[in-house]
Each structure stands twice: as structure tokens, then as C-alpha cells.
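The values are calculated or read from the model by the stated rules, or taken from the named source; none is laboratory data. Every value quoted in this text rests on a predicted model; they were computed, and no experiment measured them. Neighbour counts run over all protein chains shown; Cβ positions are idealised from the backbone, glycine included. Calculation scope for accessible area: heavy atoms of the full protein, side chains included, ligands and nucleic acids excluded. Shrake-Rupley method; radii C 1.70, N 1.55, O 1.52, S 1.80 Å.
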Amino acid sequence: MDNKRRIVVKVGTNVMTNKDNRILGPVLKSLVRQIATLYEEDILVVLVSSGSAIAGKEILGEIKIEDDSKRRQVYSSVGQPRMMRHYYSIFHDYGMRCAQVLATKRDFSPGIHRENMINCYESLLSEGIIPIANEDDAVSVTMSMFSDNDELASLVAELIGAEKLIILSDTDGLYTGHPEHDDSEKLNKVQIDEDVEKYVQESDKGEGEGRGGMESKIKIAKGTAAKNITTYIANGKREDVILDIMAGKPVGTKFTS
């Protein structure tokens with residue numbers, strides 16, 4: 001194992017799409033630029049990227065299949081290579097290489113699957129290749145799916161011994177009320193034993209728009225921080241958000257044990 005620092009960055013569907021649910025090239029480009037900057041500072045990044053279902057829906061439009069999980073399989077199977085093509089070409093522009101690592105929950109079970117997963121990530125990172133992880137929606141069995149990509153990102157962070165997990169959302173962090181209300185304040189730091197769940201509002205999401213709400217993000221952030229991996233929830237559309245967090249600026253909400 002090399003001694004370079006490692007972080008995991010998770011980018012949600014709502015970060016990389018506009019209000020019409022179309023993939024935003026500039027957002028992906030900004031992400032990759034920041035990862036390339038960190039790479040020059042000997043910080044390795046694993047990117048956990050959502051977006052395959054939306055990318056598939058963009059191409060296919062409405063399909064005849066009515067069953068939700070089958071629809072998801074079709075959209076994701078079509079969208080995943082499209083997402084990778086976006087990433088491949090942007091990383092290539094920055095003189096970097098990326099790889100796709102699709103996982104199911106089984107791959108993190110102790111034993112041969114987990115060992116295999118560790119070998120995969122360690123080998124890629126040792127060659128300076130940026131792993132791009134996503135759930136393998138095409139073959140994931142519904143009952144053993146990750147609750148969302150936040151959970152996958154947390155498992156990957158633990159697997160590779162990351163020092164930080166950065167969960168990029170479309171809000172600036174966790175607030176004491178609805179983010180758009182004037183009397184709501186952003187929480188800059190949260191300890192894992194603080195009851196911040198009481199601040200969470202319900203949100204409505206359409207198909208393909210991602211499964212992870214703020215409640216699940218807090219749960220994952222606390223669980224990850226409890227393993228001594230400092231975790232952040234921050235706004236992925238904010239300029240240089242990853243670099244600012246790595247520079248210690250008070251961006252997003254920081255979860256510590």
C-alpha cells in the first residue's frame with residue numbers, strides 16, 4: 001500500500017443535472033479538474049458517481065416497462081457507459097486515466113469478494129488511475145441493494161483507508177431548518193453524538209433523481225465519521241468545493257467522531 005493520502009468523493013445525481021434532469025458537462029469537468037489538482041499534490045481520489053439512470057433516461061425517454069426495478073436496470077445499463085464516456089474524455093483532457101468499478105453489496109462481504117475488491121482498488125490507485133465507482137444496478141438484487149450511493153461511498157472509504165469522505169449534494173450542508181428559510185443556519189461542524197436528525201425536512205424526488213435524502217446522508221456521515229473518516233456534506237455545484245474542503249476552509253458540514 002502506498003503512503004499517498006486518499007479521499008472518496010461522492011457526487012449525487014442532483015449535483016450533475018439541471019432542473020430538466022439533463023447531465024451538466026461543466027459540473028463533471030469541474031469535478032475532474034479538482035481531482036486532477038489533488039493528484040498533483042499526491043492525494044488520490046476515488047469518485048463515487050451517480051447519474052447512470054438519468055443518463056439512460058436522457059437517451060431512451062419513456063419506456064414501456066412498468067416495473068420500477070426493471071426500469072432502473074434498463075436505464076442504468078444504457079446510462080452507465082454513457083457516464084463513463086463523459087468521464088473518460090474529461091479525464092483524458094487532464095492527462096489522467098480513469099476506470100469503472102461497479103459493485104454490488106455482496107462485494108463488501110468479508111472474505112474472497114472483499115479481498116478482490118481491495119485488490120482492485122489498490123491496483124488501480126497504485127497506477128495513478130482514478131476509480132469511478134457506482135452500484136451495478138443491472139445485476140443488483142433489490143433486497144441487497146445499497147440504500148443509495150452514499151452507503152457505497154462509505155464502504156469504499158473504509159475499504160481503501162480514506163482520510164475523508166466528501167458527499168456532494170445540491171445543498172451547502174446541513175441546516176437547522178429548511179435551507180431556503182431565512183431563520184435556518186448552516187451547521188459547520190457536527191459531532192456524531194449530536195441529535196441533528198431533528199432538522200431534516202422531507203423532500204420529493206422523481207424517478208432517476210437519486211435515492212438518498214438528507215436523513216440517509218446524516219446516518220452515513222455519522223457512521224463513517226465513527227470509523228475515524230472525517231465526512232463532509234457540501235454543495236457539489238460550488239466552485240472548488242473539494243479543494244476548499246481539503247484546504248480546511250469552512251465549507252459544507254463537517255462530521256467528526
Kindly provide the set of residues from the stretch 220-254 that are open to solvent by 60 Å² or more (accessible area, probe 1.4 Å) and at positive phi, ordered by number.
228, 248
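Listed here are the residues, each with its yes/no results for (1) touching a Cys at 6+ places or on another chain (Cβ under 8 Å); (2) at pLDDT 95 or above.
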| position | (1), (2) |
| --- | --- |
| 96 | no, yes |
| 108 | no, no |
| 127 | no, yes |
| 130 | yes, yes |
Applying the selection to the stretch 37-57, what residues are polar (S, T, N, Q) and either in contact with an Asp or Glu (Cβ under 6 Å, 6 or more places away or on another chain) or part of a helix (DSSP H, G or I) (or both)?
37, 52
With respect to residue 7, determine if the residue is assigned to a helix (DSSP H, G or I) and either open to solvent by less than 60 Å² (accessible area, probe 1.4 Å) or closer than 23 Å to residue 233 by Cα (or both).
no
Residues within the stretch 25-52 that are within 21 Å of residue 169 (Cβ to Cβ), open to solvent by 10 Å² or more (accessible area, probe 1.4 Å) and among the polar types (S, T, N, Q), tallied:
2
When you scan the stretch 40-69, how many residues do you find that are more than 24 Å from residue 150 (Cβ to Cβ) and either among the hydroxyl-bearing types (Ser, Thr, Tyr) or out of contact with any strand residue (DSSP E or B) (no Cβ under 8 Å at 6 or more places or on another chain) (or both)?
11
The stretch 71-92, residues that are in contact (Cβ under 8 Å) with a residue 40 or more places away in the chain and closer than 25 Å to residue 35 by Cα:
76, 80, 83, 84, 86, 87, 90, 91
Scan the stretch 200-208 and give yes if some residue there is modelled with pLDDT of 85 or more and open to solvent by 50 Å² or more (accessible area, probe 1.4 Å), otherwise no.
no
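Each row is one residue, and each column tells you yes or no for (1) farther than 20 Å from residue 102 by Cα; (2) of a type in the set (Ser, Thr, Tyr); (3) without any contact (Cβ under 8 Å) to a residue 24 or more places away in the chain.
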| site | (1), (2), (3) |
| --- | --- |
| 9 | no, no, no |
| 24 | yes, no, yes |
| 51 | no, no, no |
| 57 | no, no, no |
| 63 | yes, no, yes |
| 69 | no, yes, no |
